[in-house]
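Participant: Have a look at the structure that comes next, please.
The values are calculated or read from the model by the stated rules, or taken from the named source; none is laboratory data. Computed from a predicted structure; not experimentally measured. FYI the Cβ positions are ideal-geometry reconstructions off the backbone, even for glycines, and counts take in every protein chain you see.
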Amino acid sequence: MAVTRTFSIIKPDATRRNITGKVTAMLEEAGLRVVASKRIHMTKDQAEGFYGVHRERPFFNDLVQFMMSGPVVVQVLEGEDAVALNRKVMGATNPANADAGTIRKELAESIEANTVHGSDSEENAAIEIAFFFKPDEIVG
Ligand code: CMP
């Protein structure tokens, strides 16, 4: 399998609880390498643009407000089949449905405050990485 990249966000519920290191350790222990990382406070434009695909969903406004409610850590992760590997270590969107040992089962507070975002395909990973990072900010 090829080494590929995916995009990750450590969400405001995690920065608020000071567990960004714990989340990153779980990503690294799963075999992912952080090749870019920055802590930012999302603007409304960024949150609405990033989650634009969910604009018609009933939870969209709450999701945007939540993502602006505190700092986040945006990351590029590299590893063998990185999109699938990251989704495995994150667990299901709703922590109630997530497998034991996954980030969301162990750390998430709710389906909204679910600690991490991860790209759902390689195509979206490339789009999401380019949304937050310039090529020279990624150091493999
Ligand atoms: P994420 O992987 O970041 O992608 C979209 C986010 O919407 C999702 O994680 C959840 O945090 C959030 N969300 C809030 N409510 C819901 C819901 N009812 N169904 C799915 N996602 C939700």
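Participant: Would you pick out the residues in the stretch 74-92 that are charged (D, E, K, R) and in a loop (DSSP other than H, G, I, E, B)? Even if it seems obvious, please write down each step before you answer.
Facilitator: Quick first cut of the stretch 74-92, residues charged (D, E, K, R) only: 78, 80-81, 87-88.
Correct list: ASP81 only.
Participant: While we're looking at this one, here's another question. Kindly indicate whether any position in the stretch 2-17 is among the β-branched types (Val, Ile, Thr), in a helix (DSSP H, G or I) and without any contact (Cβ under 8 Å) to a residue 24 or more places away in the chain. First the steps, then the outcome.
Facilitator: Of the stretch 2-17, the ones among the β-branched types (Val, Ile, Thr) are 3-4, 6, 9-10, 15.
Those left that are additionally in a helix (DSSP H, G or I): 15.
Subset that is without any contact (Cβ under 8 Å) to a residue 24 or more places away in the chain: none.
No, the stretch 2-17 has no match at all.
Participant: Something else: Between GLU106, GLU137, which is of a type in the set (Asp, Glu), closer than 21 Å to THR4 by Cα and either free of Cβ contacts under 8 Å to residues at least 24 places away in the same chain or more than 10 Å from the ligand (Cβ to nearest atom) (or both)? Explain how you work it out, then say what you get.
Facilitator: Numbers: GLU106 fails: closer than 21 Å to THR4 by Cα.
Exactly one residue qualifies, and that residue is GLU137.
Participant: Any chance the stretch 1-16 includes a residue that's at pLDDT below 95 and either within 12 Å of the chain's Cα centre (by Cα) or exposed (fewer than 12 other Cβ atoms within 10 Å of the Cβ) (or both)?
Facilitator: The first filter runs over the stretch 1-16 and keeps only residues at pLDDT below 95, leaving 1.
Those left that are additionally either within 12 Å of the chain's Cα centre (by Cα) or exposed (fewer than 12 other Cβ atoms within 10 Å of the Cβ) (or both): 1.
Checked against the condition, which is being at pLDDT below 95 and either within 12 Å of the chain's Cα centre (by Cα) or exposed (fewer than 12 other Cβ atoms within 10 Å of the Cβ) (or both), the stretch 1-16 yields at least one hit.
Participant: Any chance you could count how many residues in the stretch 45-73 are away from the ligand (no atom under 11 Å from the Cβ), in a helix (DSSP H, G or I) and buried (at least 17 other Cβ atoms within 10 Å of the Cβ)?
Facilitator: 2
Participant: A further question follows. For LYS22, only one of the following conditions fails: (1) basic (Lys, Arg); (2) touching a residue at least 40 places away in the same chain (Cβ under 8 Å); (3) within 16 Å of the ligand (Cβ to nearest atom). What is its number?
Facilitator: (3)
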